[in-house]
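Report on one structure; see the data block that follows.
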Amino acid sequence: MLEDLKAAKAKAVGMKQTIKALREKRARLVYLASDVDSHIAENVTEECRLAGVELVKVASMAELGQACGIQVAAATAAILE
C-alpha cells in the first residue's frame, strides 16, 4: 500500500494537512502511523469515518515519512484526488 503513496502525484503530509484534505473532500486514502499519540489517532480516525475515506495503518511514523519522501517522521498522510 505504501507504494501507492510513494507514486501519488498529489498528497497531504501531516495531521493538519490530512484533516484539511478530508474536510474538503479531497482525500482518497489516508495512512496513519501505528506509533502516533492516541489523540491524533482518534482525531484522524473520526475524520476518516465522517468523510467515508479508507484508513490504512502503517508500522511507524518513520516509515510513513520515508514513503512520503521527507527526511522526518510523519503521523499521517493522504493520497489526494
Kindly indicate whether LEU29 is in contact with an Asp or Glu (Cβ under 8 Å, 6 or more places away or on another chain) and not small (Gly, Ala, Ser). yes
Are any residues in the range 58-67 surrounded by fewer than 21 Cβ atoms within 10 Å (Cβ to Cβ) and in contact with a helix residue (DSSP H, G or I) (Cβ under 7 Å, 6 or more places away or on another chain), and if so, which ones? VAL58
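Values in this text are rule-based calculations from the coordinates and carry no lab data. What you see is a predicted model; the values in this text were computed from it and never measured. All Cβ positions, even for glycine, are placed from backbone atoms using ideal geometry, and neighbour counts span all protein chains on display.
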